[in-house]
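Trainee: Take a look at this one; I'll ask things after.
None of the figures in this text is laboratory data; all of them are computed from the coordinates on show. Source: prediction; values computed, not measured. Cβ sites come from the backbone with ideal geometry, for glycine too, and all protein chains shown count toward neighbours.
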Amino acid sequence: MTSPLIIRSTSSRFFSRAIPFALLIPALLLTAGCRGKNTPAVENDEGEPAAKAVLVSALKMSDPGAPAQLTKGFYAVEDHAWRWTQGNFSVLLKTPPGAAQRGATLTLTLTVAESSLKQLHSQTLEASIGGKSLKSEKYVDPGVHTFTADIPATALTGDAVNIDFSLDNAVPPGTTDRRELGIIANAISIEAN
């Protein structure tokens, strides 16, 4: 027959090991619940940090390295081809050779969604570098558009340039899609003049 002392010792060891695990489960559940299920994350951190990634001057939204250069306001890639933006978004692009002497042309291939225009009636997109406006363009028709803007050589003196975009209005979060929806970005590039 087993002595009561041995039984107590065995159960004591079991409970001393089980209690930390029992306390860990509610902590994990609480942490998972605090992630903000109703607030979708802007997905700019899918790839390597920009400091480690090889920067390019032209990228498609589906490129594997694109997330490292999409610095603000882009959602996850959809249909392996495009991304929704927020009302304000930014991209970091490599300065192409010769652009610091001759300037460059910025090109953004985008889609204005028909569903957005039904609510907003129009959208005006503005591009800027360092707070200085490059160009703005108003869209009243849905579909694919090409936004181009001249970039002065003085704005391209570094190895890379951060380009900020802003829309005058975007579709606010709703009950079916809790994201703020701006335009659909397909590709972006800068090319030396």
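Trainee: From the list Ser189, Ser122, Ser90, pick out the single residue that is over 25 Å from Val54 (Cβ atoms) and small (Gly, Ala, Ser). Give the derivation first.
Mentor: Details: Ser189 fails: over 25 Å from Val54 (Cβ atoms); Ser90 fails: over 25 Å from Val54 (Cβ atoms).
That would be Ser122, the only listed residue that is over 25 Å from Val54 (Cβ atoms) and small (Gly, Ala, Ser).
Trainee: Also, I was wondering about something else. For a quick check of your reading of the model, give me the residue pairs whose first member lies in region 53-74 and is within 23 Å of Ala170 (Cα to Cα), whose second is surrounded by fewer than 16 Cβ atoms within 10 Å (Cβ to Cβ), with beta-carbon atoms closer than 6 Å and at least 6 apart or on different chains.
Mentor: Pairs that qualify, where the first residue is within 23 Å of Ala170 (Cα to Cα) and the partner is surrounded by fewer than 16 Cβ atoms within 10 Å (Cβ to Cβ), are Ser62/His80; Ser62/Ala81; Pro67/Glu46; Gly73/Asn88.
Trainee: To continue, here is another question. Considering only residues that are surrounded by fewer than 18 Cβ atoms within 10 Å (Cβ to Cβ) and either among the aliphatic types (A, V, I, L, M) or touching an Asp or Glu at 6+ places or on another chain (Cβ under 8 Å) (or both), which ones fall in region 101-119?
Mentor: Gly103, Thr105, Thr107, Leu117
Trainee: Could you check region 136-160 and list, in sequence order, the residues that are within 30 Å of Leu117 (Cβ to Cβ) and in contact (Cβ under 8 Å) with a residue 24 or more places away in the chain?
Mentor: Tyr139, Asp141, Pro142, Gly143, Val144, His145, Thr146, Phe147, Thr148, Ala149, Asp150, Ile151
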